[in-house]
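Trainee: One structure, pasted below without further comment.
All of the numbers you see were taken from the coordinates with simple rules; none came from a lab. Everything quoted here is computed from the prediction, not taken from an experiment. Neighbour counts are summed over all protein chains in view; Cβ atoms, including those assigned to glycine, are modelled from backbone coordinates with ideal geometry.
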Amino acid sequence: MSQARDTQASERAAMEIRLHGRGGQGGVTCAKLLAAVYARLGKAVQTFGDYAGERSGAPIRAYTRVSDSPISNRNKLYQPDHLVVLDPTLLGPEVVSGLAEGGTLLLNTPLSPEAMAAQFGRFRLATVDATAIARKHGIGTRSVVIVNTTLAGAFARALDLPLEVLEAAYRELGFESNVPAAREAYSALRVREAPAGGGRLPRPAVLPGLPAVLPLSEHKEGPPTGLKTGSWRTQAPFYLRNPAPCSVRCPAGNDVVGFVQALARSGEAAAAEVLGRTTPLSAVCGRVCPAPCMEGCNRRELDGAVNVRGLERWIAERVPVAVRAAPAHPSPRRIAIVGGGPAGLSAAYVLATAGHRPIIFEAERELGGVLRTGIPTYRLSRAALDGEIDSILRLGVEVRSGQKVDRARIPELARAHDALLIATGLQRLRRVDGPGEALSGVEQGIHFLRRINLGEKARLSGAVVVLGGGNTAMDCARSALRAGAAKVTVVYRRTRAEMPAIAEEIDQAVEEGVELVFLRQPLGFAGAGKLEAVELAEVELGPPDASGRRRPVTTDRKTSLGCDLALLALGQSADASLLPAGWKLEAGRAHADGRPLNVFAAGDFSTGEGTVAHAIGDGRRAAQRALAALGLEAEVWAPPDAPKAVRPQDVRMGHFEGRPPAHEPTAPAAERVHNFEEVGRGLRDGAEARRCFSCGDCTSCDTCLVYCPEGIIRRKGTAYEVDLAFCKGCGICVAECPRKAMEMRAS
Ligand code: SF4
Ligand code: SF4
Ligand code: SF4
């Protein structure tokens, strides 16, 4: 059966499908869907509608041409191989005009093909009640049922098209929710073959019922006709990769759209390969990063940001990212790194994967820096951290642990190595600078966390006050609860809206019973030898300061808060005194007597940013700067061009199904508060990746190809080619691209 139809089509090289429907039924979209299916099967296609300013309900026609070679004929279709009628009330001689006896007539009707045979029995009859199916699946409105996607499913059956190709096209074009109706129509189609001896007959010389319009060009296949129309054009479409806002916002420099799309299309191994180009610490970032990528995600405007952080963890838990083979370098360099935290590890990864010999000097017994001493295990399991550090070390990184490098040793290390990176993080801790700060019971939060995180038995009781509003404050508060404190209060000088801590961490702290007190500034501490209370001033918010947040203005109204332990989490900064006298940092490189040294600042020591992702990004940059200074080829990473990032208004949201984001389950608050086990349990699967719009990055969805009214876009593997000899520069392909992976340029 299908062989007979193939033969019919090949006789004329192009296969032609004409659709008749009424404005509002989606006939033009149906034609485009059919074209999308054939495009996925490797055919050249052309599809367009034939209507003017008709009102809803007026008859319209739409056309789809399919060919194995470029289509040069741009006429309407007068002699279709197949005819699709969306509304049976349109049926009449004019509608079937040009359809040869034996051609397929697909009708949307509850009637059987046999019931239609008296009038149309000379054709191959296929019927399906697409209206009833579409209504059942809720497609359209109460008054207008839209049958296009349903009927396309029946067409696929009538023409033996693979249903999975149709379904893939629906997914790409934003009709995923209509797949069940298409499947039902596919199954429900009834067919009555044309009478024996039917088949395609010679075409009638005159087309009865249609005006005699002469074709613009000869109906032929092969090289384009001489009637080139591209000279009308002043601009033409170009395919490009525009930066996605998630990638632009990632301080680690991760190709976010790249790894999320790799996961969606090819799985975890492909995604881990993309991540491993920029970071060795995805299991870490997938747990503790504040995820600015998600703040910038365009999908927030539809139904919530893609859970990029959760996906990063999902990938890293299945395939380690830091496994890039280290090639042998003809002249490997020895480069010392002071500090084995995230910046030092990131730098070591870059150097080792370029074939050099990084040597990390770490003050603690184990590597990890703030990841090990500052971040509690309930946020970052040590198994995840140790796994990633092991992967980095296996690349050939030497470690000298338990070696605290001071100012005096810096020049010696610089001399003994080809280059030196200083990645000591933020060592200077902010204080209250008020009375009573030396009382027993007043402690820097970062010291408290170190004691807890390195396994010191710290049993608490009574009331704990934490001063600050960032992640260290949340870590202190939640760790204090777990260590046995009866009551924990976080005191912050602004309001919840201005707290720099990760929003989920604040929510989880509150769930666990941490109290938040806002608009209070610490003045000092009261107690007789031992802390009894924190003295506070009430605060009002003034105009915004340099950070964009409203400036806290201290009033003379004072309060105090009784407590047994006060933890200071007021901020940290780099300790520049580590640099020897006369050394200065300029653009991240140390200089002495105005001359550059092969000594580079890395991570928080250089930027003061204080997030793991920033440390990873700057660690990489510092390593690349060192290689460049040594005359070794190294591209120094710079963040992408933010103003060019794809904006929400550039995305055609209507192409995408609404689907809320996947959140990772957490241990119940009542349970988790009694132990230091990891709270977040990771996403259940990687399906969240399919919510990504792929902003600015072509997914080979065929939308441009299908919507081009000239039918002059062709697929070449996963890329596309526009026949500019015929492109009139209308820009419809660019306007229809769901993700701004094309733009019009002067031509
Ligand atoms: S490192 Fe942070 S900002 Fe970058 S992709 Fe991962 S979660 Fe997003
Ligand atoms: S939808 Fe995908 S590509 Fe677009 S910003 Fe969000 S994560 Fe990035
Ligand atoms: S350029 Fe846009 S419309 Fe064309 S295939 Fe790529 S993503 Fe789809």
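Trainee: For the range 498-618, treating each Cα as an identical point scatterer without solvent, what Debye log10 I(q)/I(0) comes out at q = 0.13, 0.18, 0.21 1/Å?
Mentor: Ignoring solvent entirely, the Cα scatterers give -0.83, -1.09, -1.21.
Trainee: Counting other beta carbons within 10 Å of each residue's own, what order do Asp556, Asp545 fall into, fewest first?
Mentor: Details: Asp556 6, Asp545 10.
Ordered by Cβ neighbours within 10 Å, fewest first: Asp556, Asp545.
Trainee: Also: Using the Cα atoms as the points, what is the convex hull volume per residue of the range 404-559 in Å³? Present the calculation step by step, with values, prior to reporting the outcome.
Mentor: Details: hull volume 26.5 nm³, N = 156.
Each residue corresponds to 170 Å³ of Cα convex hull volume.
Trainee: Whole-Hz Karplus ³J(HN,Hα) for the range 84-92, in order, using 6.51 cos²θ - 1.76 cosθ + 1.60 and θ = phi - 60°, x for Gly and Pro?
Mentor: 10, 10, 7, 10, x, 6, 7, 4, x
Trainee: Got a sec? How would Met15, Met744, Met474 order by Cβ neighbour count within 10 Å, fewest to most?
Mentor: On the way: Met15 23, Met744 17, Met474 27.
Fewest-to-most Cβ neighbours within 10 Å comes out as Met744, Met15, Met474.
Trainee: Arrange the peptides 31-39, 445-453, 368-376 so that the one whose residues have, on average, the most other Cβ atoms within 10 Å appears first. Provide the component values of the computation, followed by the final result.
Mentor: Numbers: 31-39: 27.0, 445-453: 20.2, 368-376: 23.0.
My ranking of the peptides, most packed first, is 31-39, 368-376, 445-453.
Trainee: Counting only DSSP beta bridges with both residues in the chain, what percent are antiparallel, rounded to the nearest 5? Can you show the working numbers first?
Mentor: On the way: 55 of 101 bridges.
Percent antiparallel among DSSP bridges in the chain is about 55.
Trainee: Considering only Cα-Cα distances, which of the following residue pairs are longer than 22 Å: Lys43/Lys716; Lys43/Lys136; Lys32/Lys716? Before the final figure, lay out each step's value.
Mentor: On the way: Lys43/Lys716 11 Å; Lys43/Lys136 33 Å; Lys32/Lys716 19 Å.
Pairs exceeding the cut-off: Lys43/Lys136.
Trainee: What ranking do 20-27, 297-304, 715-722 get when scored by the average of other Cβ atoms within 10 Å per residue, highest first? Intermediate values should be presented prior to the final figure.
Mentor: Numbers: 20-27: 23.1, 297-304: 19.2, 715-722: 12.8.
Going by the mean number of other Cβ atoms within 10 Å, highest first, we get 20-27, 297-304, 715-722.
Trainee: Counting other beta carbons within 10 Å of each Cβ, put Phe48, Phe259, Phe120 in order, fewest first. Numbers along the way, then the final one.
Mentor: Numbers: Phe48 21, Phe259 31, Phe120 17.
Listing Phe48, Phe259, Phe120 from fewest to most nearby Cβ atoms yields Phe120, Phe48, Phe259.
Trainee: A further question on this structure: Rounded if a/c is under 1.5, else prolate if a/b beats b/c, else oblate: with a ≥ b ≥ c from the C-alpha gyration tensor eigenvalues square-rooted, which is the range 338-404?
Mentor: Details: a/c = 2.23, a/b = 1.44, b/c = 1.55.
Oblate, since a/c reaches 1.5 and b/c is not below a/b.
Trainee: For every helix of n ≥ 4 consecutive DSSP H residues, a contribution of -39,500 (n - 2.57) applies; sum these over the chain, divide by its total residues, and give [θ] at 222 nm rounded to the nearest 500 deg cm²/dmol. Don't skip to the end; give the middle numbers.
Mentor: Working: 26 runs with 223 residues, N = 747.
Mean residue ellipticity at 222 nm (helix-derived): -8500 deg cm²/dmol.
Trainee: Take the Cβ-Cβ distance between Ala408 and Glu671 as r, set R0 to 41 Å, and report the resulting FRET efficiency rounded to the nearest 0.05. The partial results should precede the final answer.
Mentor: Details: r = 50 Å, r/R0 = 1.21.
E(calc), rounded to 0.05, equals 0.25.
Trainee: Suppose each label sits 7 Å from its Cα in the direction of the beta carbon; what would the Phe238-Ser747 distance come out to in nanometres?
Mentor: Placing both labels 7 Å along Cα→Cβ, they lie 1.1 nm apart.
Trainee: Determine, for each peptide in 246-256, 505-515, 356-366, the mean count of other beta carbons within 10 angstrom over its residues, then list the peptides with the highest first.
Mentor: Packing proxy ranking, top to bottom: 246-256, 356-366, 505-515.
Trainee: How big is the chain on each of its three principal axes, counting only the C-alpha atoms and giving the largest first in Å?
Mentor: That works out to 107, 59, 44 Å along the principal axes.
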